[in-house]
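Colleague: One structure, pasted below without further comment.
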Amino acid sequence: MAVGPASVVGPARLAARTARRRGVLEREGVFSWLMLAPGVAFLLAFVAYPFFYGIFLSLQDRRVASPGVFVGLANFVTLAQDPIFWQVTRNTFVYTTVATLLKILGGLAMALVINQHFRGRNLARAFLLLPFIVPTVLSTVAWMWILDPTFSVINWTLLQTGLVTQTFSWLGNATLAMVSIIGVNTWRGVPFYGITLLAGLQTISPDLYEAAAIDGASVTQRFWYITLPVLKPVLIIVTMFSVIFTFSDFQLPYVLTHGGPANATHLFATWAFDIGMSAGQLGMGAAVALAMLPALSLLIVALTLYLRRE
Amino acid sequence: MMAGGRGLGRRFLRLYLPLGFFLVAMLFPFYWMAITSIKPNRELYNPRIMPLIVHQPVLTHYVDLLDQTNFLTWTYNTLLVAVVTTVVSLVLGTMMAYPLARTNFPGAAIVAIGVAATYLVPQPLLFIPMSDIINRLDLGNTLSAVMLTYPTLLIPFCAWLLMGYFKSVPRELEEAARIDGASRFQAMVQIVLPLCTPGLLSAGIFAFTLAQNEFLYALIFLTKSDVRTVPVGAITELIRGDVFYWGQLMAAALLGSVPVAVIYSFFVDYYVAGLTAGSVKS
């Protein structure tokens, strides 16, 4: 076994050298902390510090390039009295809830379909995952053109088939714009659910289904009493994970609708960006971003504990 | 073999029909991206022409994209940042995951929880304070700004993924090496890491994809054309006010997806392993 020069040295000298080297550095705690130090220091400086600095900012009236003034909870009070804030809150919850339900159903269906035996299965799986790996902004650009007010291919198809006589303004109408961002988010997220749930399905032994079938269990019963219970832990983790990143989504609504029309598709992240970056009100922007914290921290704590338990 | 016509019918309903639906639904936007990028403007902006196919393909949008914009610079920036941040995150992630997975030391539980929690903290929670910090460090409009911030997303991910792989290597191997005189560090580099090559590949490929996908920090920190990444360049320079350069946008979207798609096509299995490692116990 290649373990470095030590193995070719005689036993006596080896013992002496080893003893010296197994000094302080070889102590478990010292070695561990030396290895951890760079990463921990980096995460403290660029995740923990910004997090607390964000709380500090949210308590200030702070514009770009000017010193901040401490205002206590004034930013949060202003937000609570702003109808747009409540609209954004509702948007975010609607977006997260509907998209998540659609992704669970779509992903489950996709996993069950690919879990069958057929030629080209690996190839199909590789292609189906494409929406999830292509950079979001770039695929969303394609969707912008698919949903274009004048040249939408969806409108063209609907008109051609005679299903409608009037075209839809997919991104210009408040309800349809929400439908659109939910649709595109679902499109991108279904493969993630599908492929991870497929991995869960593949851990189920076929014997289990056979035994159940012999005992007279119907297809539906097998799904409810074998498939779902086995998938449950995977489904919980994937869903919590996806909820966190759907709830705080920025890229997709920013590119597709910019939060419009009239704030109808603003989520916390895009609204915080508009206030903090575009309008330069760092303090207020930080407060908007922190409005995500109660829901997010519940999810993060729950998922962290769940992952640790595994 | 199929058991007669009825079996074939059932197979069609349960497999080919839904499979076909999913393939069309998932891939149509890419088809649309591709054909839009080679349509001449007179086809693009004529609602009376059947849009589903290209009648007279042209490469003008690609020529314009390369000629009139900094697309090649954006591509170079994107790849440079992705490679550097992936390597840095892989190294630091490995250094964090190893002791967490294989040694007992005071504070291990807290660090492990911290890693999981930072992995789950979404960017939008941090970008406003981060923008102020980058400003104070005077790093605006430098690639260092994104090289410094992307690892905040990638290190916790790499560490978390690798912990699982490191745990799977039997302790006896490492102990044997140490009895032979190897230090802890040597045992890690020469025994455990080679056995975890699939994990390192998964983490690296996944991190590379995440780095290519990043948009928010790049949008905030990179406001000059020659430091932009592909997604930011496309969104800010191929859309000017109300004017959308659709052909060029699609060409940029397609070309910008190529590096990820190529890497992905070579390492699909590692990618899928990385994707599922966190959620499915092996």
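Values in this text are rule-based calculations from the coordinates and carry no lab data. Not measured: the values here are computed from a predicted model. Here Cβ is always computed from backbone atoms with ideal geometry, including for glycine, and neighbour counts include all displayed protein chains.
Colleague: When only Cα pairs under 8 Å and 6 or more residues apart are kept, what is the percent relative contact order across chain A? Mind showing how you got there, number by number?
Modeller: Values: 309 pairs, mean separation 80.3, N = 310.
Across chain A, relative contact order equals 26 percent.
Colleague: Can you find, among B:25, A:182, A:259, the residue sitting farthest towards the positive end of the charge dipole of the protein assembly as shown, where Lys and Arg contribute +1 and Asp and Glu -1 at Cβ?
Modeller: Most positive-ward Cα: B:25.
Colleague: Let me ask you something else. Nearest 10 degrees is fine. How inclined is helix B:143-167 to the longest principal axis of chain B, computing both from alpha carbons?
Modeller: Once rounded, the angle reads 60 degrees.
Colleague: Need the C-alpha centroid separation for the stretch B:215-282 versus the stretch A:145-180, integer Å.
Modeller: Their Cα centres are 26 Å away from one another.
Colleague: Across the protein assembly as shown, how many lysine pairs separated by 8 or more positions, or lying on different chains, have Cα atoms within less than 24 Å?
Modeller: 5
Colleague: Pick out the long, greasy-scoring helices in chain A: whole DSSP H runs spanning 18 Å or more along their own axis by Cα, mean Kyte-Doolittle at least 0.0. Walk me through the numbers on the way to the answer.
Modeller: On the way: long enough: A:28-43 (22 Å, 1.46); A:83-114 (45 Å, 1.21); A:174-201 (39 Å, 1.25); A:228-247 (26 Å, 2.13); A:293-309 (23 Å, 1.50).
Going by DSSP H runs, the hits are A:28-43, A:83-114, A:174-201, A:228-247, A:293-309.
Colleague: Taking neighbour Cβ counts within 10 Å as the exposure measure, how do B:121, A:255 sort from fewest upward?
Modeller: Ascending Cβ contact count within 10 Å gives the list B:121, A:255.
Colleague: Quick one: 3J(HN,Hα) in Hz for the stretch A:166-171, Karplus 6.51/-1.76/1.60 with θ = phi - 60°, rounded, Gly and Pro as x.
Modeller: In residue order, the calculated couplings are 10, 8, 9, 9, 4, 10 Hz.
Colleague: Right, something else. Connecting C-alpha atoms closer than 10 Å in a GNM of chain B, tell me which of B:77, B:135, B:104 has the biggest fluctuation.
Modeller: Per the Cα network of chain B with a 10 Å cutoff, B:104 tops the list.
Colleague: Counting other beta carbons within 10 Å of each Cβ, put B:64, A:82 in order, fewest first.
Modeller: A:82, B:64
Colleague: Next question, about the same structure. Exposure proxy check: A:34, A:79 ranked by fewest other beta carbons within 10 Å?
Modeller: Working: A:34 15, A:79 21.
Placing the least packed residue first, the sequence is A:34, A:79.
Colleague: Quote to one decimal, in nm, the extra length available between residue A:175 and residue A:163 on full extension: 0.36 nm per residue of separation minus the C-alpha distance between them.
Modeller: Once the chain is fully extended between residue A:175 and residue A:163, it gains 2.3 nm.
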